[in-house]
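Okay, structure first, notes after.
The values are calculated or read from the model by the stated rules, or taken from the named source; none is laboratory data. These numbers come from a predicted model, not from an experiment. For neighbour counting, all protein chains shown are included, and Cβ atoms are generated from backbone atoms with ideal geometry for every residue, glycine included.
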Amino acid sequence: MTARSCVALLLGLLAATPALAQSPAAGRVKLVSGAAFVEHEGQRIPAVVGTPVFERDSVSTGADGHVGLTLRDDTRLSVAPQTTIEISRFVYAQSDSQFAFVLRVVQGVVAYVSGRIAKLSPDAVRLETPSAIVGVRGTRLVIQVAP
């Protein structure tokens, strides 16, 4: 193999690294009705059952929209009409004992049922609104944020 071939191969591998390094989905859309969207890396796509949701993605619903999400740690989120949420942070690495979940509720109503992150590391879960931050200790709750 020539030096030029080695350099080309190395540059090709480096260019592919970001795609290979993408973290696994934080969760998936399990239920959807009405107008609902997932915003991923600046692209707004209609939410359908099975749509993956990643860290830093937003989920929004229209006036008739509802979305049910299940995250990898079995956290469940029910997103009501006229709601926008963001999965600001999601780390679920049991083998490394690394856990983090930060949900930002921008507006609307979301119901939350805690999953394994809240049970294994309660301090690793934060629910944020424009005016408050809620620490979770393994529970169910509903958050409403007025526009």
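Things worth noting here:
- Answer residue from the range 107-147, given it is in contact (Cβ under 8 Å) with a residue 40 or more places away in the chain and at negative phi and is farthest from the chain's Cα centre (by Cα) among those: 147
- Residues that are over 23 Å from residue 132 (Cβ atoms) and surrounded by 18 or more Cβ atoms within 10 Å (Cβ to Cβ) do occur in the range 41-49.
- Filtered residue count, the range 82-106, keeping only those that are outside any loop (DSSP other than H, G, I, E, B) and either among the charged types (D, E, K, R) or over 16 Å from the mean Cα position of the chain (by Cα) (or both): 7
- Scanning the range 107-120 for residues that are outside any strand (DSSP E or B) and either buried (at least 16 other Cβ atoms within 10 Å of the Cβ) or at pLDDT 95 or above (or both) gives 114, 115, 116, 117, 118.
- The residue that is surrounded by the most Cβ atoms within 10 Å (Cβ to Cβ), counting only those in the range 73-96 that are within 13 Å of residue 118 (Cα to Cα) and touching a Ser or Thr at 6+ places or on another chain (Cβ under 7 Å), is 75.
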